[in-house]
């Protein structure tokens with residue numbers, strides 16, 4: 001058992017897609033609250049297996065919620081919708097898969113730590129809970145929640161890959177900077193000024 005306790009791979013899934021809409025919403029809100037307010041309890045108890053659907057549904061709720069609010073604010077302010085915004089939303093829907101693959105590769109191959117792609121994917125998806133507030137149009141608020149998402153990701157990854165928080169933080173920040181450079185380069189090539 002490490003400093004956070006053992007993984008609860010046999011516990012209930014934090015978000016269960018169920019037929020009843022109220023059960024899904026209740027599970028979503030409970031999970032978001034746990035991730036945002038009690039991450040040191042949430043991530044050690046998070047199952048590291050059980051499928052990608054539950055965590056991805058959670059990610060979709062958070063991301064689509066933030067996107068729709070941001071889009072509404074943009075349309076209200078400028079009366080137009082940029083194709084760039086729609087392209088970014090489509091790209092965002094694939095990011096947990098790409099981010100988890102890169103992060104898992106770095107932890108397992110480069111740092112030789114234990115952990116699985118699925119566990120890494122789950123951390124990436126659940127850390128997206130910050131998107132519920134990151135849409136607020138104030139630079140300070142956006143930056144605050146982006147830093148909190150980095151912390152949540154590093155905390156969760158340090159647990160599932162059994163490494164220090166500092167080492168996980170370096171991997172997350174390095175991956176984020178690299179992905180940002182790649183996306184900026186691709187955007188400049190596809191959409192020159």
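The values are calculated or read from the model by the stated rules, or taken from the named source; none is laboratory data. Everything numeric here is computed off the predicted structure, so don't read it as measured data. Quick reminder, even Gly has a Cβ in these numbers, built from the backbone with ideal geometry, and neighbours come from all protein chains shown.
Return yes or no: is residue 74 more than 14 Å from the chain's Cα centre (by Cα), farther than 22 Å from residue 157 by Cβ, surrounded by fewer than 18 Cβ atoms within 10 Å (Cβ to Cβ) and without any contact (Cβ under 8 Å) to a residue 60 or more places away in the chain?
yes
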Of the residues in region 106-115, those that are in contact with a helix residue (DSSP H, G or I) (Cβ under 9 Å, 6 or more places away or on another chain) and surrounded by fewer than 16 Cβ atoms within 10 Å (Cβ to Cβ) number 3
Would you pick out the residues in region 81-100 that are surrounded by fewer than 20 Cβ atoms within 10 Å (Cβ to Cβ) and modelled with pLDDT of 95 or more?
97
Going by what's in this entry, would residue 136 be described as modelled with pLDDT under 90, touching a helix residue (DSSP H, G or I) at 6+ places or on another chain (Cβ under 8 Å) and not in a helix (DSSP H, G or I)?
yes
Have a look at 154, 129 and point out the one that is surrounded by 16 or more Cβ atoms within 10 Å (Cβ to Cβ), in a helix (DSSP H, G or I), in contact (Cβ under 8 Å) with a residue 60 or more places away in the chain and in contact with a helix residue (DSSP H, G or I) (Cβ under 6 Å, 6 or more places away or on another chain).
129
Of the residues that make up region 80-88, is at least one under 17 Å from the mean Cα position of the chain (by Cα) and in contact (Cβ under 8 Å) with a residue 40 or more places away in the chain?
no
Going through region 164-189 one residue at a time, which ones are surrounded by fewer than 21 Cβ atoms within 10 Å (Cβ to Cβ), modelled with pLDDT of 90 or more and farther than 17 Å from residue 95 by Cβ?
164, 165, 166, 167, 169, 170
